[in-house]
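Step one of this worksheet: look at the structure below.
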Amino acid sequence: MKKVLIYSNELSRSEYTADHPFKPVRGKLLMELLHRYLLIYEDNQIVIPPRPIEEELISVFHDRTYIELLKAAGNGGFSEEMLHAGLGTGDNPVFLGMYELSRLIAGGTFYGAEMVASGEADVVFNPIGGMHHAGRDHASGFCYLNDIAITITDLVRKGMRIAYIDIDVHHGNGVQDAFYETDQVLTISLHESGESLYPGCGYEHETGAGPGRGFTVNIPLREGTDDEVYLFAFESIVPPLIEKFRPDMVFAELGGDGHKDDPLAHLNLTTNGYERVVKRIRENSPKLMATGGGGYNVYRTAAMWTLAWAAMCGLTPIDQYVGSVGGMMYGPEMHMGRLNDEPFVLEGPEKDACLSHARRVVGYLMEKVFPIHGL
Ligand SMILES: [Zn+2]
């Protein structure tokens, strides 16, 4: 079965604006690490450049008026309406070519997921995708077109049942809102609590509505949460629900901004905890479509995605530079390219507070959501 990486140099070279924290160059850093660690040389691995999503498909999720605004903004236009749709703010700047860039990102996810759905590939990873904050009619949190919501909407209308697992440090609100009232999509988001982080939602009591009750699952975590606490929460909730739901395909948003060195958020994950979580997702997902997402320490994010790709392909990274003498891989670059962090374990009262927060959330979900799934 094929393992597909969606990648192009063209996409990696793009930028929103020079000082914006969202950096597609993470794709290029990932690619360099995949070569260094011998993770992109297998016969069943292929690299495919993204192609722009067809305009008609965008409207399976997004409002047509919003699509027109986005297109006009990308052509240099500006209007009051754009601001109301979240376009032209600090988070979501307006820049030339933004519509084409958004179509390319969404196409990477959409056509990648088609390969998984058709059985052509069992794993596809689009590291520059994962725009989980964009709404039907507005941009939000660096996201213009919600590649995930567009793709899952299309898969559901073709009769598939999808489980969505979001480990980005921010709540996957755009995807949650898209599927809040359906039982055909199980959305699970682990994130730093909305009490301390954008977008300020994703509390455990948001569990879906109507036929979708129990099919939206939120695991908010206290700021400071480390690998141990995160893994406890993940293991308690995610594998049992996925096993019961029996999805046709799993969709994962693998944002790297939960890392302890991320400048925009406050969790304390290391690349080791992140790697463990991705391995567990893969074990529970014979068919897996994965995207990147956030991750604003570009070097640690590239390391996390390298580990994620290895885990999804069932490979062990082998550093071909170990033992080499001289050359450019000593000094800071050696450190930047190291995949596994030193272990980090929180202790004392802060650890107790994180653990009791996670225990409370897990207890709530086991009481309110598990019975809906026969658990
Ligand atoms: Zn994020």
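Points to keep in mind about this one:
- A Cβ-based charge dipole, computed about the Cα centre of the chain with Lys and Arg at +1 and Asp and Glu at -1, lands at about 740 debye.
- Peptide packing for 15-26, 115-126 was compared via the average number of neighbouring C-beta atoms within 10 Å per residue; ordered from the highest value, the list is 115-126, 15-26.
- All-pairs alpha carbon distance profile, segment 97-181, 10 Å steps from 0, percent: 18, 52, 28, 2
- The ranking of VAL362, VAL169, VAL277, VAL238 from fewest to most other beta carbons within 10 Å of each one's beta carbon is VAL362, VAL238, VAL277, VAL169.
- When the Cα gyration tensor is reduced to axis lengths a ≥ b ≥ c, the ratio a/c is 1.5 or higher for segment 53-107, and with a/b above b/c it is classed as prolate.
- Annotation: the residues ARG213, ARG13, sorted from fewest to most other C-beta atoms within 10 Å of their own C-beta, follow the order ARG13, ARG213.
- Cα shape, segment 75-226, gyration tensor, a/c 1.5 rule: oblate
- Around ASN75: net Lys/Arg minus Asp/Glu count, Cβ-Cβ under 12 Å: -1
- FRET efficiency for the pair ARG213 and ASP319, taken as 1/(1 + (r/R0)^6) with r the Cβ-Cβ distance and R0 = 45 Å, rounds to 0.40.
- Gyration tensor verdict on the chain (Cα atoms; rounded if a/c is under 1.5, prolate if a/b is larger than b/c, oblate otherwise): rounded
- Lys pairs under 24 Å by Cα in the chain, provided they are eight or more residues apart or on distinct chains: 20
- Proximal charge balance of MET1 [Cβ under 10 Å; K/R count +1, D/E count -1]: +1
- Computed on the Cα trace of segment 189-253, the radius of gyration divided by the Kirkwood hydrodynamic radius gives Rg/Rh = 0.98.
- Mean ellipticity per residue at 222 nm, deg cm²/dmol - from DSSP H runs of n ≥ 4 across the chain, formula -39500 (n - 2.57): -12000 deg cm²/dmol
Each reported figure results from applying straightforward, stated rules to the coordinates on display, with no laboratory input. As the structure is a computational prediction, the values presented were derived from the model and not from experiment. With ideal geometry, Cβ positions are generated from the backbone for all residues, glycine too; neighbour counts draw on all protein chains shown.
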